[in-house]
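I have placed the structure first, in the form of structure tokens, so that the comments after it can refer back to it.
The values are calculated or read from the model by the stated rules, or taken from the named source; none is laboratory data. Keep in mind that this is a model prediction, so the values were computed, not measured. Every residue, glycine among them, receives a Cβ derived from its backbone with ideal geometry; neighbour counts consider all protein chains shown. Just the protein is used for accessible areas: all its heavy atoms, side chains included, with ligands, DNA and RNA removed. Shrake-Rupley method; radii C 1.70, N 1.55, O 1.52, S 1.80 Å.
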Amino acid sequence: MSDAERPSRASEAFFGRRKGKPLRERQAQHLETLLPELKVDLATPAPADITTLYDFKPTRMRLEIGFGGGEHLIHRAMEQPETGFIGVEPFVNSMAKLIGRVEDTGAKNIRLYDDDATVLLDWLPAASVDQIDLLYPDPWPKKKHWKRRFVSRVNLDRFARVLKPGGLFCFASDIDTYVNWTLMHCGAHPAFAWTAENAVDWLTPFAGWPGTRYEAKAKREGRGSAYLTFRRS
């Protein structure tokens, strides 16, 4: 896909830090030696069947955008070895930490991308992913920054394109304004239907949920979380 053909994001700029504290020697080595082996190469055309990115034939494909500390991604990869996972995280320290966990666990079903998720979404073939997870994304709490939130009409268009019919978009957040924002945007999008039937559905963590450090911090600070699931029509 050329730049001229590529859809616009609410803003194409990547917002957020790329790197925090200095990496330890082992982490730096992982980025240099292991990341190239695991990274999805967007310089080449996307394969018609993205399961060929792996050394086995996954039965499902799952994309996690902004995996942070990687707790959820590793947990799901070990829990579902038959599923192929693609994890996206531009923050260098988080990527280095996750790669260390991949090496320690020997997980074979994870591929990675370390830049803007919108570029990966535009590269992926249509109807190629079974589930997209967006868990505790940056809430950009100030109203003047809401346009930076990842959930937007143009990004939901991207989700709708790459998700298979019946595929799921799962969202978790402890920020009420972002939960309401996501409900509003998904409710206005013709491709998505909220699956909740009662309040328990969206207050209960997803099945097999391992928790994340962001969720633990929210609980310590007295904030509850919402767990939203939308189905692609």
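Couple of notes before you dig in:
- Karplus 3J(HN,Hα) series, Hz, for segment 173-180 with 6.51 cos²θ - 1.76 cosθ + 1.60 (x for Gly, Pro): 7, 9, 9, 4, 5, 6, 4, 5
- Accessible area per residue in Å² at 1.4 Å probe, computed on segment 18-119: 47 Å²
- Around the amide H of Ile86, modelled in the peptide plane, lie the amide H atoms of Arg62, Leu63, Glu64, Arg111, all under 5 Å away and 5 or more residues distant in sequence or on another chain.
- Here is the list for segment 130-216: trypsin sites (Lys or Arg not before Pro) lying in DSSP coil, each with at most 16 other C-beta atoms within 10 angstrom of its C-beta, are Lys142.
- Electrostatic bookkeeping for Ala126 treats Lys and Arg as +1 and Asp and Glu as -1; over the other residues with beta carbon under 13 Å from its beta carbon, the sum is +1.
- Given R0 = 25 Å, the distance between the Cβ atoms of Glu221 and Asp138 translates into a calculated FRET efficiency of 0.95.
- [x] 25, 22, 19; [y] 37, 19, 11; [z] 34, 22, 17, with the label sought being that of the calculated semi-axes √(5λ) of the Cα gyration tensor in Å: [x]
- Net length gained if the chain between Thr177 and Ala28 were fully extended (0.36 nm per residue, minus Cα distance): 49.9 nm
- Percent carbon-and-sulfur accessible area, the chain, ignoring ligands, DNA and RNA, probe 1.4 Å: 55 percent
- With the simple model of a label 7 Å out from the Cα in the direction of the Cβ, Val154 to Val119 spans 1.6 nm.
- In this calculation the C-beta distance from Phe206 to Asp41 is compared with R0 = 35 Å, giving a FRET efficiency of 0.70.
- Nearby aspartates and glutamates by direct alpha-carbon distance to Lys142 (threshold 13 angstrom, same-chain neighbours under 8 apart not counted): Asp176
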